[in-house]
Amino acid sequence: MNQIRESDWKLLRRLKPVALDRFCQRVLSDVQAKCSDEAATAHERYLQVFGLIHDQNKRMAMIFDDMRRSTALYTVTLMRTAGLFTDEEFAEFSEELRETIQRYQGI
């Protein structure tokens with residue numbers, strides 16, 4: 001299965017902004033937690049936030065940039081593994097796609 005069904009592709013395109021928003025919200029929550037760590041100095045907190053943003057920006061690019069139908073299976077797998085779909089949203093994908101992704105996650 002190199003390319004996903006048209007219906008799955010349309011669903012992925014519809015869910016991408018939702019997943020991106022969830023990803024960013026998690027990162028912002030992590031940033032907020034690092035900023036409020038009063039056990040660390042301001043400089044230490046800054047370095048932690050900088051490192052977190054740097055690492056998560058790479059991860060975000062890997063998941064969301066250059067989304068094409070030929071790479072959509074990989075994209076859906078990354079989003080599912082990152083917990084960016086609810087179970088209800090994931091259930092909207094075709095059974096074939098869900099089974100393929102579950103096999104990938106089991107490897």
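Nothing in this text is a laboratory measurement; each read-out follows from the coordinates by a stated rule. Just so you know, these numbers come straight off a predicted model, no measurement behind them. Here the Cβ positions follow ideal geometry from the backbone for every residue, glycine too, while neighbour counts run over all protein chains shown.
When the chain is treated as a Gaussian network with alpha carbon springs shorter than 10 Å, the biggest mean-square fluctuation among Ser36, Ser94, Ser70 belongs to Ser36.
Coupling constants for the stretch 50-63 follow from the phi torsions by the Karplus curve (6.51 cos²θ - 1.76 cosθ + 1.60, θ = phi - 60°), and in residue order they are 4, x, 4, 4, 4, 5, 6, 5, 4, 5, 4, 4, 4, 7 Hz; glycine and proline get x. Note on the stretch 6-106: dipole from Cβ charges, positive end direction compared against Thr41, His54, Gln105; the farthest Cα belongs to His54.
The fewest-to-most ranking of Val27, Val76, Val18 by surrounding Cβ atoms within 10 Å reads Val18, Val27, Val76. Among Arg80, Arg59, Arg98, sorting on how many other beta-carbon atoms sit within 10 Å of each Cβ, with the fewest leading, yields Arg59, Arg98, Arg80. Taking only DSSP H segments of four or more residues, each worth -39500 (n - 2.57), what value at 222 nm results for the chain once the sum is divided by all its residues, to the nearest 500 deg cm²/dmol? My calculation for the chain gives -25000 deg cm²/dmol from helical runs alone.
Dipole magnitude for the chain: about 320 debye, using +1 per Lys or Arg Cβ and -1 per Asp or Glu Cβ, origin at the Cα centre.
Residue by residue, the stretch 39-46 carries 3J(HN,Hα) couplings of 6, 9, 6, 4, 5, 4, 5, 4 Hz when phi is fed to the Karplus relation 6.51 cos²θ - 1.76 cosθ + 1.60 (θ = phi - 60°); x denotes Gly or Pro.
For the chain, averaging the sequence separation of C-alpha pairs within contact (under 8 Å, six or more residues apart) and dividing by the residue count gives a relative contact order of 42 percent. Computed with the Debye formula from one identical point scatterer per Cα of the stretch 6-106, without solvent, the log10 of I(q)/I(0) at q = 0.11, 0.15, 0.20 Å⁻¹ comes to -0.41, -0.66, -0.96.
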